[in-house]
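> Provided herewith is a single structure, encoded as structure tokens, for subsequent inquiry.
The values are calculated or read from the model by the stated rules, or taken from the named source; none is laboratory data. The structure displayed is predicted, hence computed values, not measured ones. Counting neighbours? That spans all protein chains shown, and the Cβs are built from the backbone with ideal geometry, glycine included. For the accessible areas, the whole protein counts, side chains as well, though only heavy atoms, and no ligand, DNA or RNA atoms are used. Shrake-Rupley method; radii C 1.70, N 1.55, O 1.52, S 1.80 Å.
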Amino acid sequence: MSTYKLNYTQDSFVNGDANGLRSNPESGFSDLSSLAQSEKAVQELLIQQTPMQATDDHLIEFSEALRTVAKALRGSAEGKALAQAEAAEWKRRYELERSKNLELLHKVPLNGVHAEESHSHGMDHSAKSPRLRVQENGKLGRHSMERICSHEVLQDGEYNSCNGGNNKLKRKASFKLSWGCKGQANDQHKKEIVSFERGNITTADRSSKQISLTWESNPQNVLIFTKPNSTSVRVLSVEMVRWLREHKGLDIYVEPRVKAELLSESSYFDFLQTWEDDKEISLLHPKVDLVITLGGDGTVLWAASMFKGPVPPIVPFSMGSLGFMTPFHSEQYRECLEAVLRGPISITLRHRLQCHIIRDKARHDYETEENMLVLNEVTIDRGISSYLTNLECYCDNSFVTCVQGDGLILSTTSGSTAYSLAAGGSMVHPQVPGILFTPICPHSLSFRPLILPDHVTVRVQVPFNSRSSAWVSFDGKGRKQLEAGDALVCSMAPWPVSTACQVESTNDFLRSIHDGLHWNLRKTQNSDGPRD
């Protein structure tokens, strides 16, 4: 049997592969020079046939046909030139965006290291900021492409207190992740191992195993996010802060609003730490070992949005309406936190989308657009306009479809139970890597939702012939307008959000759709009656 090898490729607009922008000689068009030569040949043939036009009607028809061919060739050459110009312009704008993204990525002070790189016995134990391994092309390293490697740990983080830097410097807690299936631990996570020995392709393993987090040093710093304007949440936050401080000896960070509320009740809470501006928010990850949320799924979204890079593990307590991401009950918060702080705990890795806008006016004046990270979905809609949205959609530079309707939802699998579900999308397990492509009220009977793989890049552009502009929002906020020619580019972010599980990921997911949506709730058929 013949032997061969497989190569893995990932053609992505964000990854810098501009091959899709180059002209393809197999697309039915030759290059401009060949078109010009063909047209010239036709003209010469017409000149040669001119003296005979008056004598033969067939030659007259033939000459007219040749002129039509020459006109078609000229039109093809002009169209090809316009297409190449547009492709060159998109490549230029893409290079500008890519260079900006690389600069932002190198500025992130949060990087990954391997557990194998342990400290020597006599090494200085000064804290180091965690680092993400970055390759020359701006992509994360192999382990980062697998989201998180089982041998990666967070090292100590050096920081100054938000209250003036007078607090004692403490080591950031480190942990490791391991993969297992049905209670069996597995120290080596296999994203997908494909064997093709002797011409046979075999899949050895997949990434469907449960992930477990084990602390290698005790957590010291906890950040608490609370739902605003809730009396029950405020009462629980007071009780939880006291317990964590007095019984666990942890340093606690809260939002400025929460600290002001607690200080209004008692000066006892003066030990709480907070931040004052966006610059200090960006330094939260090197300080915080664990995040606790008191509220619903919206509170989890808010907590995740505070981290523009890696996110500490989140322990979400259900105190909202629906709790697809909040498996823990507030009544047993002490037992739950005891188990989490002791470890190991099962976690769910919830993937996020990384989005940015390319403005058409960047053709002349480059405008910086901030990268947005979303945990649920990014929504493009028609806003207050009465016209249908007209959106051209591309997947890795391949045309997908033109959306004509109320809009489009690009959702993560964690967001599959949110807006995408209401628009007719499927419910997907949150650890399934993928991007949900769900139309909003499409004016078509055949427009069904799609689920795209996680490695693709999706581009949604407002065409120049659109009757109105579109509006885009990120997890329901940060609403921006998309004018004609503007494009939204979305891909999978390299920093997932890890949420603690009450039991394990699949059990928590199924329980949430049963309890929250009463999924497939039906009265059981009686056993008596006709039988086969």
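> Restricting attention to the range 247-267, which residues are over 14 Å from L284 (Cα atoms) and in a helix (DSSP H, G or I)?
H247, K248, R257, V258, K259, A260, E261, L262, L263, S264, E265, S267, listed by residue number.
> Right, something else. Assuming E377 fulfils every condition listed in (1) touching a residue at least 60 places away in the same chain (Cβ under 8 Å); (2) within 23 Å of T299 (Cβ to Cβ); (3) open to solvent by 30 Å² or more (accessible area, probe 1.4 Å) apart from one, which condition is it?
Single failed check for E377: (3).
> Pairs needed: first member in the range 286-311, within 16 Å of S237 (Cα to Cα); second member anywhere, open to solvent by less than 10 Å² (accessible area, probe 1.4 Å) and of a type in the set (F, W, Y); C-beta distance under 6 Å; at least 6 residues apart or different chains.
Within 6 Å, the pairs are T293/F225; L294/F317; T299/F225; A303/F225.
> Further question on the same structure: Take the range 341-366 and flag every residue that is at pLDDT below 80 and open to solvent by 60 Å² or more (accessible area, probe 1.4 Å).
K361, R363, H364, D365, Y366
> OK, next. For residues in the range 217-250 being closer than 21 Å to V300 by Cβ and small (G, A, S), which is least open to solvent (accessible area, probe 1.4 Å)?
S237
> Hey, another quick one. Just to verify a result, which residue in the range 421-442, among those that are touching an Asp or Glu at 6+ places or on another chain (Cβ under 6 Å) and under 18 Å from S473 (Cα atoms), is most open to solvent (accessible area, probe 1.4 Å)?
C441
> Restricting the range 310-340 to residues that are open to solvent by less than 30 Å² (accessible area, probe 1.4 Å) and among the hydroxyl-bearing types (S, T, Y), which is farthest from D486 (Cα to Cα)?
Of everything passing the filter in the range 310-340, Y333 is farthest from D486 (Cα to Cα).
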